[in-house]
Every structure is written in C-alpha cells, then in structure tokens.
Amino acid sequence: MATRTQSRSSNRNSNRSSTSESAGSRSRENRSSDSRSAFSWGENAGPLIGAALAGVAIGFAANYGRKALMQGLEAAAGDWDEILATEHEMTLAIFDKMLATDQTQTFKRKMLLMKLTHALDKHAHQEEMVVYPALREAGVRVEADQLETEHGEVKTYLYQLQQMGPNAPNWLETVREFRTLISRHAHMEEEEVFPSFKQGLTEEQDAKITSLVNRDGFWMA
Ligand SMILES: [Fe+2]
Ligand SMILES: [Fe+2]
C-alpha cells in the first residue's frame with residue numbers, strides 16, 4: 001500500500017510530467033513559428049557566448065582559489081578543535097577592532113560588522129552541521145543544545161546591531177555585551193565541551209570530524 005508521502009510524490013511527478021509535456025510542445029511551436037525572434041542569439045553570437053562562459057569560468061576559478069586559500073590557512077591550524085579555537089580568536093580580534101572605533105567611524109563600523117557576520121556565519125555552520133551533531137551522537141546532547149541556543153542569541157545580536165545602525169548611542173555597549181557572550185561561549189567549547197568529547201574519540205573519528213569541518217568551512221568561506 002502506498003504511503004501518503006509516496007502518493008503525494010507520485011501526484012507531483014504526474015503533474016510535473018504533464019506540465020513539462022505542455023511546456024515542451026509550446027517551445028516546439030515557438031521554435032517553428034518564430035525561429036528568428038527578438039531573443040534569437042543571431043549568427044555571430046558564438047564568440048560572445050564563449051567570452052561570457054570564459055568569464056564565468058574565471059570567476060568560479062578565482063572564487064575557488066580564494067576559498068581554498070582561506071580554508072587551507074585554517075586547516076594548517078591542525079585538528080577540528082584547533083581550527084575552531086583559531087576562529088574564536090579571529091572573531092574576538094574583530095570585536096576588539098569594533099570596540100576601538102568611535103561614533104564618527106560609521107563606514108569602518110559597517111565593514112567590521114559585515115566581517116563579523118561572515119566569520120560567525122561560517123563558524124556556526126561548521127559547528128551546527130558537523131560538531132554539534134557529532135556531540136549529540138556521542139550522548140553530549142544537553143551541552144550541544146545549549147551551545148546551539150546560544151548561536152541563536154548571536155544572530156539576535158547581529159540583527160540588533162544591523163538595525164540600530166553604526167552611529168547609535170548604544171552601539172559600543174551592545175558590541176561589548178555581544179563580545180562577552182562570544183567569549184563565554186568560546187570558553188565553554190574550548191575548555192569544557194570539546195576537550196572531553198575529543199578524549200573519547202578514536203584517531204579515525206577525530207580525523208573524520210576535521211575533514212568534515214574543513215569541507216563545510218570551504219563552502220562557507
Ligand atoms: Fe559555538
Ligand atoms: Fe565555536
């Protein structure tokens with residue numbers, strides 16, 4: 001007997017095939033009735049398309065190179081826990097730069113907030129997609145859930161800073177509170193949760209988590 005999910009998906013498939021058939025017949029009609037429409041590429045479009053594709057390829061290669069460089073530098077830090085600890089340090093350094101600004105440096109504050117958002121996004125993704133699930137699998141569920149809840153608070157601070165704007169009178173005070181949260185959170189990971197979890201890992205499990213963190217970090221870089 002088909003389950004509800006199966007019948008839903010078979011309905012979707014039959015709808016999709018009838019839609020694609022009609023779309024297919026429409027496009028055949030269009031091609032035959034107006035083979036030289038306003039959207040026709042024309043005869044000399046070959047080099048143009050080639051150049052556009054080459055541009056995309058160069059852009060992709062440059063971005064790939066940048067990501068490889070970024071994550072390569074981090075991977076050199078060592079195991080997954082060392083990579084994450086290095087990211088904590090880098091994040092706290094961004095906070096210190098933010099705290100050294102004054103109300104007139106609105107552009108600098110905006111740039112630093114963008115940098116902080118990107119760094120925290122990438123870091124949280126690596127932890128939430130790899131490390132915290134691995135913690136839960138090892139039975140460290142309460143701590144993993146607490147840490148993930150704190151990532152929610154991190155996003156709330158980022159939202160508040162974004163909303164209040166760089167020259168808000170309470171900008172520095174909010175950044176200071178935010179830094180305290182990050183520092184406490186990083187301390188709990190580095191000093192309590194990660195070391196005891198790592199102790200129970202085999203060398204193979206440890207290497208697997210490092211490789212997964214690196215792979216996730218590469219795509220988020
Ligand atoms: Fe975290
Ligand atoms: Fe962390």
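Computed with a 1.4 Å probe over protein heavy atoms only, the accessible surface of the stretch 118-221 comes to 55 Å² per residue. Could you work out the mean projected area of the convex hull around the alpha carbons of the stretch 82-221, in square nanometres to one decimal? If I average the Cα hull's projected area over directions, I get 8.0 nm². Dividing the radius of gyration of the alpha carbons in the stretch 154-221 by their Kirkwood radius gives 1.16 for Rg/Rh.
Quick one: length gained pulling Gln146 to Asn167 fully straight, 0.36 nm per residue minus the C-alpha distance? Mind dumping the intermediate values first?
Values: separation 21, 0.36 × 21 = 7.56 nm, distance 3.26 nm.
Full-extension gain reported as 4.3 nm.
Per-residue extension of 0.36 nm, minus the Cα-Cα distance of Leu99 and Met114, leaves a gain of 3.9 nm for this segment. For Thr106 and Glu153, a Förster radius of 35 Å and the Cβ-Cβ distance give a FRET efficiency of 0.90, rounded to the nearest 0.05.
Using a probe radius of 1.4 angstrom, the carbon and sulfur fraction of the accessible surface of the stretch 140-193 is 48%.
What FRET efficiency would be calculated for the residue pair Thr174, Thr86, taking the C-beta separation as r and a Förster radius of 22 Å, to the nearest 0.05? Mind showing how you got there, number by number?
Details: r = 26 Å, r/R0 = 1.16.
So the FRET efficiency works out to roughly 0.30.
Modelled spin-label separation between His125 and Ala207, with each label point placed 7 Å from Cα along the Cα-to-Cβ direction: 2.7 nm.
The values are calculated or read from the model by the stated rules, or taken from the named source; none is laboratory data. Please read these numbers as outputs of a predicted model, since none were measured by experiment. We place every Cβ from the backbone using ideal geometry, glycine too, and count neighbours over all the protein chains shown. We work out accessible area using only protein heavy atoms, side chains counted, and drop any ligands, DNA or RNA first. Shrake-Rupley method; radii C 1.70, N 1.55, O 1.52, S 1.80 Å.
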